[in-house]
Structure formats: C-alpha cells, structure tokens
Amino acid sequence: MTIGWALLGVLLVAVVGALGSALTGPRVRAVVAGTATALAGALGVVAGVLAIAGDAFTVTVRQLLPLSEAVLHVDALSGWFCVMVGGVAVLAGLYSIGYSGGHHADGTGASSRTAQALLPLFVAAMILVPAAGNVTTFLVLWELMALTSLALVLAEHRLRPAVRDAGGWYGAMTHAGLILILLGLVTFASRAGGESFDALRAAHLPETTRSLTFVLVFLGFGSKAGMVPLHVWLPKAHPEAPSQVSALMSAAMVTLGLYGIVRVGFDLLGGGPRWWWLLVLSFGAVSAVYGVLQASVAVDLKRLLGYSTTENMGLVLIGVGAGGVLAADGNRALASLLLAAALLHALNHAGFKTLLFLGAGSVLHSTGTRDLDSLGGLASRMPVTTILFAVGALAAAALPPGNGFVSEWLLLQGLIHGLPGADTVVAVAMPLAVAVVALTAGLGVATFVKAFGVGFLARPRSVPAAVATESPTIMRVSMALAAAACAALAIAPASIGPALSKVLGLLPTVHDGAPLRGGVTLHLAGVEGQISPLLILAGLLVGALAVVALIRRGLPRRRSLVWGCGGTRLDPRMEYTATSFAEPLTRVFDDVLRPEKDVDVTHHAESQYLIESVEYRQRVDDRVEAALYPPVIAGGIKVGDVMSRLQNGSVHRYLALGLAGLIVVLVVVGLTT
C-alpha cells in the first residue's frame, strides 16, 4: 500500500462510517462508528510509517477548493504526527464501541447519532492536517477539525449545562486561534508570492515579516496545544466531552499545535533568531508549572488529566524552545537532542494520556462520577482498570520504568549539557528550565499518587463506588493495548531513534546526525549520557522478587489497609480525600492558586455553644482565567453593543461604512506593497 492509497482510504472509511452511523440503529451505530474510527486510524498509521520510511507523497487536486487547489504532501515530519494521531484513533475507536453502545451508571445511554457520525470525520481531519501541502488546504482541514471537535464536545449538552459552557469556551478559543494562524500564514504567503509550502520555504522575507508571522502562528498553534494563558478551554472541554473524544483531543489534537510550531518555525521559516525560541521556552515553562499546580489540587479526575495535558505540552514547548535557542547559536548537536526529546515526549504523552482518559472513562461508565472525593475502593471492584490506570499514572508521573521517564530524562540531559560555554542569556535560561522540569516532575508524582490512591486504593465514599463493576471487555482491551504501547516505548526507546533522525533531517537548522542510538542501552549523540530502561526494569523486578522472597522466609510483617493513612479501622470519612491530600500544596502555592474556602458551623438547637456539625469547603478556580478573561469578555460585549447600533437599517449608512472599509483596505495595501 502507498501513502496515497492509505490517505484515500482514511477519507473513504471516514465518510462511509459517518453515513453508516447516521443511517443505522442505536445498537449497530456504535459498532459502525467505532470500527470506522479505528480503521481510519490504522490507515493513518500506515501512511505515517511509509512516510517516515522515506516514501514521500504529493498530490494536487485542482478546482476542489475555491480560488485555490487542494495539495497534500506527506514527508517524515507529517508521518510522525500521522502515526501519533492514527495510533490514538485506533484505541479510541475500539473503546467507543463499548463506551457509546451501552448504558452508564449515571443513567445516560449511548451517544447521539450526530456524535457517533462525526467521530470518524474528526479523526480523518486530524490525520489529514499534517498532510496539507499549501496554506488553503491546511486552513480548510484545520477548520474541519475544529468544527467536528466542537460538535463532539457538545455531544451531551442536553444532559449537563456545563457542557454548553465548555462548548462556548472551546468554540471561542479555537476560532480565535484560527484567526491568528490565518493572519500569520496569509501574511507569509502574500509576501512569499505563493501559498505552497515549497514557495514559503524558498521565500526571502524581511526580518519584521518573518517575526510577525512566527509570533502570530505561535500564539495560534499554542492555543490548540493548551499553552497558558490560552489554555482555558482545555480543562473545560476535555472533562465534558465523551471519554473517547477526550482521549483524542488531549492525546492527539493538542499535538497538532506542536506540529504547526515545528513546521512553520523550523521548516517553512528555516529557523529564526534566538528571541523567538526564548519566547517559546518561556511560555512552555509557565504552562508546565501552572498546569501541574492546577492538576495537583483538582478533584475532578478528567479535569486533573486536562491540566496534566497543559503541563506536558509545556514540557514539550520547553524542549522545542531550548532546541531553537541552541540551534540559533549553532549548537546543532544539542538542538537535535532537545527537539528529539520534545517529539518523543509528545509521543509518550499521547500513549499514557490515551490510557488515562480511557481509564477515567471506564470509572465514569461504572460509577457515574468523576469526583475523586466520592470514589475509592475501585481496586477491588475494577481490578483490571485499576492495574491499567496505574501503568498510565506511573508514566505520567515520569517515574521509571514508565515511558514518560525516558523522554523527560532526555529533556533534562539536553538542558544540562547546554550550560558549558553558554553566554549570559543561555546560562540563565537553561538552569531555570531545569528547575521547571524538576519541579513539575515532583508535583506530577504528588498529582498521580493522589489520583490513584484516593480514586482506586481508598475505601469507597459513595454507593456507586462501592457497587462499581468492570467496564465491558472491548473497553478493557483498548486500555490494555494502550498500556502495551506505553510499555514498548518505555523499554525500547532506542528503536525510535532512526525515525526521529529522519524527522529532524527535514529541519535545516537542527539536523546533525542521529541524536539517539543504541539497542538495550540508549546513547546520546554529542554528549556524555546513556540510559538503559530495560536494565532499570530488570533491577526493579529483581528488587521486588527479593522482597517477596524475604517475606516468604519469615520476615516480620503485618496487615493494614492499602490507603489506611496509618490506621487499621478507619471510616472512609477519616481517610485522606483528594482535597485534604492536596491541602499542603495549596498552602505552599497559596499566592498562585488563591483557593476559596468556606466553613459552615451548625449549632445544636438547644444551645448555641454546642456545635452539631462543621462543614468545610474549598474551591480552586483557574486564576489566569479569572484575572485575564472577564475584562476581555466585557470589552467584547461593549464592542458588540457599539456595532449593533450601526445596524439601524439605513442603506446610506451601510454604503458609507462600505466606502470607509474600502478606503482603509486600499491604504493598507498601498503601504505594504
């Protein structure tokens, strides 16, 4: 099979799956939509693997788009993201067969006809976005991805008012990002004299135009990647979407923001001055710290995972920004290592975040709640889901032998080795980046200890948690496949080295041979560093077996509750909850989080000096959202009010406004030509 046939198959399968889902009954609909989604994802993986192997593909279809032509071009960079998106789609498609086809513990049933019909189309749009070969094709596919994902976020809007609010935020933010991307790419294409990616690469633009283009597209793509402060849609939309859609958005769609930054910044613009990448590095550092702080205090399981996505994409942006800084200084060896670490972490994040969101969906399917304070006891009620979620949590916490550990170790190695001989700017930026990565790693451990301990190991705090049952087989199979992918990436990261070398080979200012090489031991090119994930795993297994052997030989032991907090006969209300577990962190980072606390004291009717009960509530809102967006929204409302007054029905006023607009356009065009 060639790349062209694979991409054609993606499109045909998506269309047939959408039509089949729209025309079939509820029982068949989930199977048709899930199968089509999984098959489209598999074909996307095939196309990506062929592209990475060196089988580049280009096709032009004229008269398909107005005033332009549709161009698809797939190279190794496109292939990397096609593999990533396609792999997530396969797992999400299989999972959706069980998740969307039955009844949930909260009383909801199968997903709507529209939502299931749009699922394969959403996947097809995501696979085709990195395959676009000119500006118009890219923007059309990007908008198709945005519209289908918005409809999927709103799939359950009749059930919960929060879904409509999340959809409004997501729709506004995703189209604001589109406007920035549109302005940046149109500015680029107008100055380059053509909209094909080849014409953009060959253009010689003034530095001001190049910088304006980069800043615009960086902000636009950064909003899709969940970058702070443009992240506000992410912790709202991901929890409210169906779980398979949450996995697709968090593990696959956000990585296309990374694709846009790398494609435009390193490929089409051919690199850039140091300040571009210091900007990327700064936004990445803020996103990583703020995302993990919010995740560490979140009590909604899917909201926690949404903020974790902001954290991990922040780490990826740190790698991209640091790589760009070193590339601008001519240090290609470290630049290629940091870019490889960023791309590998994006792949690892896609693996473990898919597993975690599918696991959270399994919990929601069985219990009807995402509130960690209401969960507990799932280890005995849902043992398979518990084990698989633990695999994802270990990877997300960046602990060995999880796959997240390897890519974060590579990121640290690149940052640390960037210090010797560096000038003042780099000598300040790199240690700060190392500190950010270290801080996020520590807080990430606390975050997922809380999520796993409170949600699965503690005693049940609600009736639904106490009577929970395992999810359907097909859901567990898809989670097991995601866990297997995470394990493969953790044990054999060196196998990804040749593919990363081909991807980086397309970036002229970065490529410097193979950044990773080796077999059992992973060696870093250009620096003194090596690691063997397989030997680490073997050492951990030997240590665990030694402990078991000592216990069997009579080592003193005692029985206690898994999440007993030092006690043996605790009531569930006496154990740590997610809120109480995060209380120390809330106090330490009080200036950033600014939690809202409320204490209600109820006195006995007989005497006001006797207390009957005390109720404590704490809520941590998104302070960036609260500080930044209300003034923007208020300003938008005022502008809307002013504009509405202009629509008084007077033809003369409309003609005058049209004339004024035409004059402004002519003046701007005259000044820019």
### Query
Is it fair to say Thr35 is hydroxyl-bearing (Ser, Thr, Tyr) and not in a helix (DSSP H, G or I)?
no
### Message
Kindly evaluate Ile318 against the criterion of being assigned to a helix (DSSP H, G or I) and under 22 Å from Trp275 (Cα atoms).
### Response
yes
### Failed item in (1) crowded, with 24+ Cβ neighbours inside 10 Å; (2) touching a residue at least 60 places away in the same chain (Cβ under 8 Å), with Leu72 passing the rest
(1)
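Answer yes or no as to whether Arg517 is in contact (Cβ under 8 Å) with a residue 12 or more places away in the chain and part of a strand (DSSP E or B).
For Arg517, the condition - in contact (Cβ under 8 Å) with a residue 12 or more places away in the chain and part of a strand (DSSP E or B) - is met.
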### Message
Please pick out the residue among Glu606, Glu615 that is of a type in the set (Asp, Glu), loosely packed, with under 10 Cβ neighbours inside 10 Å, outside the structural domain of Tyr307 (by TED's automatic domain parsing) and part of a loop (DSSP other than H, G, I, E, B).
### Response
Glu606
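Picking from Arg573, Arg558, which residue would you name as being in a loop (DSSP other than H, G, I, E, B) and exposed (fewer than 10 other Cβ atoms within 10 Å of the Cβ)? Give the derivation first.
On the way: Arg573 fails: in a loop (DSSP other than H, G, I, E, B).
Only one candidate passes the filter, namely Arg558.
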#### Entry: Qualifying residue in segment 180-200 (condition: hydroxyl-bearing (Ser, Thr, Tyr), surrounded by fewer than 21 Cβ atoms within 10 Å (Cβ to Cβ), in contact with a helix residue (DSSP H, G or I) (Cβ under 7 Å, 6 or more places away or on another chain) and modelled with pLDDT of 90 or more)
yes
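Test Thr108 against the criterion of being at pLDDT below 95, assigned to a helix (DSSP H, G or I) and of a type outside the set (A, V, I, L, M), and give yes or no.
Considered against the rule, which asks whether it is at pLDDT below 95, assigned to a helix (DSSP H, G or I) and of a type outside the set (A, V, I, L, M), Thr108 comes out as no.
Residues checked against (1) of a type in the set (Asp, Glu); (2) surrounded by fewer than 21 Cβ atoms within 10 Å (Cβ to Cβ); (3) in contact with an Asp or Glu (Cβ under 8 Å, 6 or more places away or on another chain):
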residue	(1), (2), (3)
Ala480	no, yes, no
Ala487	no, yes, no
Ile491	no, yes, no
Pro498	no, yes, no
Asp512	yes, yes, no
Pro515	no, no, no
Gly539	no, yes, no
Arg552	no, yes, no
### Query
Under the condition of being surrounded by 16 or more Cβ atoms within 10 Å (Cβ to Cβ) and farther than 24 Å from Tyr629 by Cα, which residue from segment 148-172 is modelled with the lowest pLDDT?
Glu156
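Look through His175, His231 and report the one residue that is touching a helix residue (DSSP H, G or I) at 6+ places or on another chain (Cβ under 6 Å) and either of a type in the set (Gly, Ala, Ser) or modelled with pLDDT under 95 (or both).
On the way: His175 fails: touching a helix residue (DSSP H, G or I) at 6+ places or on another chain (Cβ under 6 Å).
So the residue among His175, His231 that is touching a helix residue (DSSP H, G or I) at 6+ places or on another chain (Cβ under 6 Å) and either of a type in the set (Gly, Ala, Ser) or modelled with pLDDT under 95 (or both) is His231.
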### Summary
Of all helices (runs of 4 or more DSSP H) fully inside segment 361-456, the set with 3 or more residues that are hydrophobic (A, V, I, L, M, F, W, C) is 383-396, 403-417, 424-452
### Message
Thr114 - would you say it is modelled with pLDDT under 85, farther than 26 Å from Ala483 by Cα, assigned to a helix (DSSP H, G or I) and more than 23 Å from the chain's Cα centre (by Cα)?
### Response
yes
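Here's a check for you: in segment 505-562, which residue that is basic (Lys, Arg) and more than 32 Å from the chain's Cα centre (by Cα) is nearest to Leu457 (Cα to Cα)?
Applying the first criterion (basic (Lys, Arg)) to segment 505-562 yields 517, 552-553, 557-559.
So of that shortlist, the ones also more than 32 Å from the chain's Cα centre (by Cα) come out as 552-553, 557-559.
Working: Arg552: 24, Arg553: 27, Arg557: 20, Arg558: 18, Arg559: 15 Å.
Among residues in segment 505-562 that are basic (Lys, Arg) and more than 32 Å from the chain's Cα centre (by Cα), the one nearest to Leu457 (Cα to Cα) is Arg559.
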### Task
State which residue pairs qualify: first residue basic (Lys, Arg) and surrounded by 17 or more Cβ atoms within 10 Å (Cβ to Cβ) and inside segment 18-34, second residue modelled with pLDDT of 85 or more and assigned to a helix (DSSP H, G or I) in any location, beta carbons under 7 Å apart, and separation of 6 or more residues or different chains.
Arg29/Ser21; Arg29/Gln116
### Summary
Residue pairs within 9 Å by beta carbon, gap of at least six or interchain, first lying in segment 105-118 and closer than 10 Å to Ala155 by Cα, second of a type in the set (Gly, Ala, Ser) and at pLDDT below 75, listed first then second, are Ser111/Gly101; Gln116/Ala110
### Query
Can Ala446 be described as touching a Gly at 6+ places or on another chain (Cβ under 8 Å), in the same structural domain as Leu388 (by TED's automatic domain parsing) and either at pLDDT 95 or above or closer than 26 Å to Trp409 by Cβ (or both)?
no
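Any idea which of Ser78, Ser112, Ser96 is under 30 Å from Ala466 (Cα atoms), surrounded by 24 or more Cβ atoms within 10 Å (Cβ to Cβ) and of a type outside the set (D, E, K, R)? Spell out the reasoning first.
On the way: Ser78 fails: under 30 Å from Ala466 (Cα atoms); Ser112 fails: surrounded by 24 or more Cβ atoms within 10 Å (Cβ to Cβ).
It is Ser96.
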### Message
Please determine whether any residue of segment 259-281 is buried (at least 24 other Cβ atoms within 10 Å of the Cβ) and assigned to a loop (DSSP other than H, G, I, E, B).
### Response
no
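For segment 269-278, name all the residues that are within 22 Å of Ala203 (Cβ to Cβ) and among the aliphatic types (A, V, I, L, M). Give the steps one after another, and end with the answer.
Filtering segment 269-278 for residues within 22 Å of Ala203 (Cβ to Cβ) gives 269-277.
Within segment 269-278, just Leu269 meets the criteria.
Looking for something β-branched (Val, Ile, Thr), closer than 23 Å to Pro472 by Cα and modelled with pLDDT of 90 or more - is there at least one such residue anywhere in segment 71-91?
yes
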### Summary
Considering segment 375-393, residues that are over 21 Å from His349 (Cβ atoms) and touching a helix residue (DSSP H, G or I) at 6+ places or on another chain (Cβ under 7 Å), and then whichever is surrounded by the fewest Cβ atoms within 10 Å (Cβ to Cβ), we arrive at Val384
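Would you be able to tell me the number of residues in segment 294-303 that are in a helix (DSSP H, G or I) and either surrounded by fewer than 24 Cβ atoms within 10 Å (Cβ to Cβ) or in contact with a Ser or Thr (Cβ under 7 Å, 6 or more places away or on another chain) (or both)? Spell out how you get there, then give the answer.
Taking segment 294-303 and keeping what is in a helix (DSSP H, G or I), we get 294-297, 301-303.
Subsequent filtering for residues that are either surrounded by fewer than 24 Cβ atoms within 10 Å (Cβ to Cβ) or in contact with a Ser or Thr (Cβ under 7 Å, 6 or more places away or on another chain) (or both) retains 295-297, 302-303.
Residues meeting the conditions: 5.
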### Query
Looking at Ser374, Ser380, Ser407, which one is in the same structural domain as Leu334 (by TED's automatic domain parsing) and without any contact (Cβ under 8 Å) to a residue 12 or more places away in the chain?
Ser380
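Could you go through segment 10-19 and let me know if any residue there is hydrophobic (A, V, I, L, M, F, W, C), part of a helix (DSSP H, G or I) and closer than 23 Å to Lys502 by Cβ.
Residues of segment 10-19 that are hydrophobic (A, V, I, L, M, F, W, C), as a first pass: 10-16, 18-19.
Next, only the ones that are part of a helix (DSSP H, G or I) stay: 10-16, 18-19.
So of that shortlist, the ones also closer than 23 Å to Lys502 by Cβ come out as 10.
Yes, that holds for at least one residue.
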### Residue tally, condition in contact (Cβ under 8 Å) with a residue 24 or more places away in the chain and outside any helix (DSSP H, G or I), over segment 321-338
2
### Message
Regarding segment 166-181, can at least one residue be identified that is in contact (Cβ under 8 Å) with a residue 60 or more places away in the chain, in contact with a His (Cβ under 9 Å, 6 or more places away or on another chain) and not in a helix (DSSP H, G or I)?
### Response
no
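The values are calculated or read from the model by the stated rules, or taken from the named source; none is laboratory data. It should be emphasised that the depicted structure is a prediction, and the values quoted were computed from it without experimental measurement. Here Cβ is always computed from backbone atoms with ideal geometry, including for glycine, and neighbour counts include all displayed protein chains.
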